1. Provide the gained length on full extension for the span residue 21 to residue 50, in nm with one decimal, where the gain is 0.36 nm per separating residue minus the Cα-Cα distance.
2. For the chain, run through the trypsin sites (Lys or Arg not before Pro) and keep only the ones in DSSP coil with at most 15 other Cβ atoms within 10 Å of their Cβ.
3. Would you work out if the chain is rounded, prolate or oblate? Take a ≥ b ≥ c from the square roots of the eigenvalues of the alpha-carbon gyration tensor; rounded if a/c is under 1.5, else prolate when a/b is larger than b/c, oblate otherwise.
4. Per residue, how large is the accessible surface of the stretch 24-93? Use a 1.4 angstrom probe and give square angstrom.
5. Of the GluC sites (Glu not before Pro) in the stretch 4-93, which ones lie in a loop per DSSP and count no more than 16 other C-beta atoms within 10 Å?
6. Share of the chain's accessible area from carbon and sulfur, percent, 1.4 Å?
Amino acid sequence: QALLFNLFSALIAFLGTLIGLLIGTAAQDADRWILAITAGGFIYIALVDMLAEIKEIKGIFHSIAQVLAILTGMAIMFIIAIFEDDLGGCYAH
């Protein structure tokens, strides 16, 4: 049964790759949207994992520190998004 689920997962991943490639070649700015959605998915998974750990920890100081760290990370991503055009020399398109 585990092997069957592994095969199903691999087939779905292959199908997602094909769909992504088709969309990427059909639309000019699709790569930005695909990367944004993918990054959002990874951030969601990481945040859900961290919030589960925060709930287990007893102590208000540690919980506040973790929430502040999450908010700081979100603020940094927001600042990067605002000034991404000014960062043109940092990466190549």
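1. Values: separation 29, 0.36 × 29 = 10.44 nm, distance 3.19 nm.
Once the chain is fully extended between residue 21 and residue 50, it gains 7.2 nm.
2. Numbers: sites: 32, 55, 58; in loops: 58.
Sites meeting the loop and neighbour criteria: 58.
3. Since a/c reaches 1.5 but b/c is at least a/b, the shape of the chain is classed as oblate.
4. On the way: 6120 Å² over 70 residues.
Using a 1.4 Å probe on heavy atoms only, each residue of the stretch 24-93 averages 87 Å².
5. 84
6. Values: 6150 of 8270 Å².
Whole-percent figure for carbon plus sulfur exposure: 74.
The values are calculated or read from the model by the stated rules, or taken from the named source; none is laboratory data. All figures in this text were calculated on a predicted structure; none of them were measured in a lab. Here Cβ is always computed from backbone atoms with ideal geometry, including for glycine, and neighbour counts include all displayed protein chains. We work out accessible area using only protein heavy atoms, side chains counted, and drop any ligands, DNA or RNA first. Shrake-Rupley method; radii C 1.70, N 1.55, O 1.52, S 1.80 Å.
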